[in-house]
1. Just the residues that are surrounded by fewer than 14 Cβ atoms within 10 Å (Cβ to Cβ) and in a helix (DSSP H, G or I), please, taken from region 14-32.
2. Quick one: what pairs do we get from region 52-66, first residue part of a helix (DSSP H, G or I) and among the charged types (D, E, K, R), second at pLDDT below 90 and surrounded by 12 or more Cβ atoms within 10 Å (Cβ to Cβ), C-beta under 8 Å, 6+ apart or different chains?
3. For region 108-141, give me the residue count where each residue is at pLDDT below 80, assigned to a helix (DSSP H, G or I) and loosely packed, with under 12 Cβ neighbours inside 10 Å.
4. Kindly establish whether Val80 is at pLDDT 90 or above and surrounded by fewer than 18 Cβ atoms within 10 Å (Cβ to Cβ).
5. Tally the residues that are modelled with pLDDT of 90 or more and surrounded by fewer than 17 Cβ atoms within 10 Å (Cβ to Cβ), restricting the search to region 96-107.
6. Determine if region 81-90 includes at least one residue that is touching a residue at least 60 places away in the same chain (Cβ under 8 Å), of a type outside the set (Lys, Arg), in contact with a Leu (Cβ under 8 Å, 6 or more places away or on another chain) and within 20 Å of Arg105 (Cβ to Cβ).
7. Would you confirm whether any residue within region 66-73 is more than 15 Å from the chain's Cα centre (by Cα), within 24 Å of Leu112 (Cα to Cα) and surrounded by fewer than 12 Cβ atoms within 10 Å (Cβ to Cβ)?
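The values are calculated or read from the model by the stated rules, or taken from the named source; none is laboratory data. Source: prediction; values computed, not measured. Backbone-built Cβ (ideal geometry, glycine too); neighbour counts: all protein chains shown.
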Amino acid sequence: MFFILLIVFVLVPVIELNVLIRVGESLGSWTTVGLVIFTAVVGVSLVRSQGISTLMQVQQKLARGEAPGQEIVEGMMLAVAGLMLLIPGFVTDFIGLLLLTPFTRIPVAGYLYKRMQLKVSSQGGFQAGFGPGPFGPNGNAGGRSPFDRDQGNTFDGDYEHKADPSDKRDESHQLDDKQDPKA
């Protein structure tokens, strides 16, 4: 984890500054600043359009009763792409554009989604990391799934409210079933 934080907070800014200085020497400082602003604006508009497209795919899969797992991973990748495009610099812009382009995003999202499925299945599901809980060995009541139907504990009955004779409320405000409420 330390190595990842070192890369994110030390090496990426150093690389970005080096590239910005080199581009600034070649094109000029104002042109470089203009390019950085341009990539941020264009990137955010592309993230928005790709995000709407991905959201529509999620809704279509949900309407068909399918799990939109890969589309959710693509949505997370679009969020990361938007963040990368907003960070000033050309290296992060390039990474953001790679994550934004459907040509590269869809295969990477498929790979990540398959890895997440393998990790979950090898751990025995989402509950495996929590261990025994207060409600049973699987963390739920009696070891049953909370979605199980008809466990033999369901009672069917009718309900009728009867007035308590010791209730001293003013009955003049209550309507009788036979009374017309407009009267």
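1. Val14, Leu17, Asn18, Ile21, Arg22, Glu25, Ser26, Leu27, Ser29, Trp30, Thr31
2. Going by the 8 Å Cβ cut-off, the qualifying pairs are Lys61/Pro68; Lys61/Glu71.
3. 6
4. On the way: at pLDDT 90 or above: yes; surrounded by fewer than 18 Cβ atoms within 10 Å (Cβ to Cβ): yes.
Yes; evaluated as a whole, the condition is true for this residue.
5. Number satisfying all stated conditions: 4.
6. Yes, region 81-90 contains at least one residue that is touching a residue at least 60 places away in the same chain (Cβ under 8 Å), of a type outside the set (Lys, Arg), in contact with a Leu (Cβ under 8 Å, 6 or more places away or on another chain) and within 20 Å of Arg105 (Cβ to Cβ).
7. Yes, region 66-73 has at least one match.
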